[in-house]
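One structure below.
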Amino acid sequence: MSSSSSSTAMTKAANNKPYPFWLGGVAASIAASITHPLDLTKVRLQTSGDKGMIRSIRKTIHNNGARGLLDGLTGTLLRQMTYSMTRFAAYDWAKAEVHTGPGQPPAWKMALAGSIAGGIAGVVGTPFETLMVRMQADKAKPIEQRYNYRNSVQGFYRMTSEEGLGSWTRGMGPNTIRSILMNMSQLASYDWFKRELLNAKVLEDGPVLHFFASLGAGTVATTVCSPADVIKSRIMTAHGKGTSSTLGVIRQSLATEGPMFMFKGWVPAWTRLQPTTILIFLTLEQLKKGVDMYRAAGGNLL
């Protein structure tokens, strides 16, 4: 039996049981740790006067040293183990709920499942998204406007104690909309690209196929999510009158920058999201393969 056939048989034998719900969060945390400097740069471009990805990176290194590229990393990891863990777990659940018939779900059902997962994850992850964005944007702001959170735990405690539980819902509207758009486009399109490549028999199910499927998913997701991502980041870091509501931020940004403000930071967003998407799905597929191997060997803890 070939290694491909044995792998397929092993997967079929093990995939009747759902994968651990936390696999997506672990995969996302690994990916986010690697791409964090790009995510940091994207947020600072969206929330400050920085112009150009390379110039923003140079400014960060000049002001804070190379370690400055890791500002807010603990906030990023906390966000991945809440928001990302929820979205992957909810997507698997939603796919099973919206498609109970035989065969593979059609594209619209996968998009619907992604939207449902995104809505749930957007609500769950908003407090930690706010914390992450604040920590990443902090040192690009004037000193008097900084939050100066030491780490994600202390930052979340301060955010709650100083601003109340209302801080947990700040930016929830655009954040949830972005989450719906992200998961509808990223998760569903990855499944679609993967399925179409398999059906076309262009590639065997493996890392190369996963790479190309995630490449398509990352490009689709970046374009779909850019407007909501920019608005969300600006609301979460805004100071002053008229900047706490979605419409207020949109009006102010349109008046000063025009409609293209919604795509500000698209290139670093794509540059960050593309490798992140590739890393997430490659890592997730390998984690699933590891679980399948463990189960096929008789393990029952996962």
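The values are calculated or read from the model by the stated rules, or taken from the named source; none is laboratory data. These figures come from a predicted structure and were not determined experimentally. Note that we place each Cβ from the backbone using ideal geometry, even for glycine, and neighbour counts take in every protein chain shown. With ligands, DNA and RNA removed, areas are computed over all heavy atoms of the protein, side chains included. Shrake-Rupley method; radii C 1.70, N 1.55, O 1.52, S 1.80 Å.
I'm checking my understanding of the structure. Among residues of the stretch 178-235 that are basic (Lys, Arg) and modelled with pLDDT of 90 or more, which one is farthest from residue 270 (Cα to Cα)?
Going residue by residue through the stretch 178-235, those that are basic (Lys, Arg) are 178, 194-195, 201, 232, 234.
Still in the running and modelled with pLDDT of 90 or more: 194-195, 201.
Working: 194: 20, 195: 23, 201: 28 Å.
Here the answer is 201.
If residue 88 meets every condition in (1) open to solvent by less than 60 Å² (accessible area, probe 1.4 Å); (2) at pLDDT below 90 apart from one, which number is that one?
For residue 88, the exception is condition (2).
Within the stretch 94-120, track down each residue that is out of contact with any helix residue (DSSP H, G or I) (no Cβ under 7 Å at 6 or more places or on another chain) and β-branched (Val, Ile, Thr).
Within the stretch 94-120, 100 is the sole residue that qualifies.
Based on this model, can you work out whether residue 299 counts as farther than 24 Å from residue 114 by Cβ, outside any helix (DSSP H, G or I) and at pLDDT below 90?
Considered against the rule, which asks whether it is farther than 24 Å from residue 114 by Cβ, outside any helix (DSSP H, G or I) and at pLDDT below 90, residue 299 comes out as yes.
Looking at (1) crowded, with 19+ Cβ neighbours inside 10 Å; (2) assigned to a helix (DSSP H, G or I), can you tell me which one residue 67 breaks?
So residue 67 meets the others, but not (1).
Looking at the stretch 170-188, is at least one residue over 14 Å from the mean Cα position of the chain (by Cα) and of a type in the set (S, T, N, Q)?
no
Does residue 214 meet the test of being polar (S, T, N, Q) and open to solvent by less than 10 Å² (accessible area, probe 1.4 Å)?
For residue 214, the condition - polar (S, T, N, Q) and open to solvent by less than 10 Å² (accessible area, probe 1.4 Å) - is met.
Can residue 176 be described as of a type in the set (S, T, N, Q) and loosely packed, with under 15 Cβ neighbours inside 10 Å?
No; evaluated as a whole, the condition is false for this residue.
When you scan the stretch 258-302, how many residues do you find that are over 17 Å from residue 206 (Cβ atoms), within 14 Å of the chain's Cα centre (by Cα) and either open to solvent by 60 Å² or more (accessible area, probe 1.4 Å) or among the hydrophobic types (A, V, I, L, M, F, W, C) (or both)?
Adding up the residues that qualify gives 3.
For the stretch 114-143, what are the residues that are over 15 Å from the mean Cα position of the chain (by Cα) and farther than 18 Å from residue 235 by Cα?
Listed by number, the residues that qualify are 116, 143.
Go through the stretch 43-59 and give me each residue that's open to solvent by 10 Å² or more (accessible area, probe 1.4 Å) and either in the same structural domain as residue 285 (by the TED database) or of a type outside the set (A, V, I, L, M) (or both).
47, 48, 49, 50, 51, 52, 55, 58, 59
Identify all residues within the stretch 113-139 that are of a type outside the set (Gly, Ala, Ser) and free of Cβ contacts under 8 Å to residues at least 60 places away in the same chain; write none if there are none.
116, 120, 123, 124, 126, 127, 128, 131
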